[in-house]
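Colleague: Starting off with a structure, shown below.
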Amino acid sequence: MPAASRIPRHLAVIMDGNGRWAQQRHRPRIIGHRAGARAVNLCIDFCLDAGIGALTLFAFSSENWGRPEDEVGALMKLFINALDREVDELHRRGVRIGFIGDRSRFSEAIATRMAHAEAVTAGNDRLALNIAASYGGRQDITAAARSLAADVAAGRLRPEDIDEALFDSRTALGDLPPPDLFIRTGGDHRISNFLLWQLAYTELWFTETLWPELDAATLQRALDDYASRERRFGLTGAQVAGAQNGMSPA
Ligand code: FPP
């Protein structure tokens, strides 16, 4: 297979370990999140250099609203500062910014900045950067089901016309290929209600590295591992090899 096809088209990341990174340094958790924001920049740079077309980052889950009020407040300030600081530069570098998740829970100050970032960068095509904020995978699937049900109830759609492609188009990221590679930092081996629908055939890669310690070498290790894996999508190894040689699977 040519080398270029071994680069993931879409990378999804759970950025975990900010709190522990700060605790190890006897600093407040928000210091870890600030260091985490620097790692976000490193990850974006890496994707641009590697030619990865889409990057989806889990910045804030629907469950994270339950964290202590001062941590949530400090994270919101961090998001505002990051949006004010980074959007112009990302635009200059050809990044298209999008947000997935329940936007209605954010303050006006954040919602306005999100809409602005999306509008300014809408025409870019070098990297689709999706920030999952107030996002939950179950919430995403439920919203898709609700939108299809509304169409059926209104007589615009027949239940038998609902297939995977149509369902997919109603989920977040329906306009992108599903993630080829998922990375979680921080040592835990779970999906934590991230892209439950979209990760069906994604290759999973876990590292003990805490998110603020992320470096290009760690990301390259993930890509090298990904490149060495055989993706079968439910077929046999022989079928996959045949398809790569131009034969149709038996
Ligand atoms: C998980 O680490 C991280 C978060 C809940 C927040 C992620 C936010 C950032 C990386 C900063 C800025 C992001 C953007 C997009 C500008 P944790 O706090 O759960 O760490 P722990 O498991 O060690 O406690």
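Colleague: When residues of segment 76-115 are filtered for being away from the ligand (no atom under 15 Å from the Cβ) and of a type in the set (Val, Ile, Thr), how many remain?
Modeller: Of the residues in segment 76-115, 1 are away from the ligand (no atom under 15 Å from the Cβ) and of a type in the set (Val, Ile, Thr).
Colleague: Restricting to segment 181-200, name every residue that is farther than 19 Å from PHE60 by Cβ and in contact with a Phe, Trp or Tyr (Cβ under 7 Å, 6 or more places away or on another chain).
Modeller: Result: LEU181, HIS189.
Colleague: Going through segment 81-130 one residue at a time, which ones are among the small types (Gly, Ala, Ser), surrounded by fewer than 17 Cβ atoms within 10 Å (Cβ to Cβ) and within 23 Å of SER61 (Cβ to Cβ)? Break it down into steps so the answer makes sense when it comes.
Modeller: So in segment 81-130, the residues among the small types (Gly, Ala, Ser) come out as 82, 94, 98, 101, 104, 107, 109, 111, 115, 117, 119, 122-123, 128.
Within this subset, residues satisfying the condition of being surrounded by fewer than 17 Cβ atoms within 10 Å (Cβ to Cβ) are 94, 104, 107, 109, 111, 115, 119, 122-123.
Result: SER104, SER107, ALA109, ALA111, ALA115.
Colleague: Quick check: is even one residue across segment 213-227 on the phi < 0 side of the Ramachandran plot, in a loop (DSSP other than H, G, I, E, B), in contact (Cβ under 8 Å) with a residue 12 or more places away in the chain and away from the ligand (no atom under 16 Å from the Cβ)?
Modeller: No, that holds for no residue.
Colleague: Contact list please: Cβ distance under 8 Å, first residue in segment 13-33 and more than 7 Å from the ligand (Cβ to nearest atom), second residue among the aromatic types (Phe, Trp, Tyr), pairs at least six apart or on different chains.
Modeller: VAL13/PHE58; VAL13/PHE182; ILE14/PHE58; ILE14/PHE182; ILE14/PHE194
Colleague: State yes or no: is LEU57 touching a helix residue (DSSP H, G or I) at 6+ places or on another chain (Cβ under 7 Å), more than 9 Å from the ligand (Cβ to nearest atom) and either in a helix (DSSP H, G or I) or modelled with pLDDT of 95 or more (or both)?
Modeller: On the way: touching a helix residue (DSSP H, G or I) at 6+ places or on another chain (Cβ under 7 Å): yes; more than 9 Å from the ligand (Cβ to nearest atom): no; either in a helix (DSSP H, G or I) or modelled with pLDDT of 95 or more (or both): yes.
Judged against the criteria, LEU57 is not a match.
To keep it simple, each residue is scored yes or no on (1) out of contact with any Leu (no Cβ under 8 Å at 6 or more places or on another chain); (2) outside any loop (DSSP other than H, G, I, E, B); (3) surrounded by fewer than 20 Cβ atoms within 10 Å (Cβ to Cβ).
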site	(1), (2), (3)
ALA149	yes, yes, yes
GLY174	yes, no, yes
PRO177	yes, no, yes
ILE183	no, yes, no
LEU196	yes, no, yes
TYR201	yes, no, yes
THR209	yes, no, no
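Colleague: Given the conditions (1) under 21 Å from the mean Cα position of the chain (by Cα); (2) more than 11 Å from the ligand (Cβ to nearest atom); (3) free of Cβ contacts under 8 Å to residues at least 40 places away in the same chain; (4) in a helix (DSSP H, G or I), and given that GLY73 satisfies all but one, which numbered condition is not satisfied?
Modeller: Just one mismatch for GLY73, condition (1).
Colleague: Here is a follow-up. I want to confirm something. Restricting to segment 34-54 and keeping residues that are surrounded by fewer than 21 Cβ atoms within 10 Å (Cβ to Cβ) and assigned to a loop (DSSP other than H, G, I, E, B), which single residue is farthest from the ligand (Cβ to nearest atom)?
Modeller: GLY51
Colleague: Next question, about the same structure. What do you reckon, is ILE162 of a type outside the set (S, T, N, Q), without any contact (Cβ under 8 Å) to a residue 24 or more places away in the chain, surrounded by 15 or more Cβ atoms within 10 Å (Cβ to Cβ) and out of contact with any Ser or Thr (no Cβ under 6 Å at 6 or more places or on another chain)?
Modeller: Here the answer is yes, as ILE162 does meet what is asked.
Colleague: For LEU157, indicate whether it is at pLDDT 95 or above, more than 16 Å from the ligand (Cβ to nearest atom) and crowded, with 19+ Cβ neighbours inside 10 Å.
Modeller: No, not satisfied.
The values are calculated or read from the model by the stated rules, or taken from the named source; none is laboratory data. Computed from a predicted structure; not experimentally measured. A quick note on method: Cβ atoms are made from the backbone with ideal geometry, for glycine too, and the neighbour counts reach across all protein chains shown.
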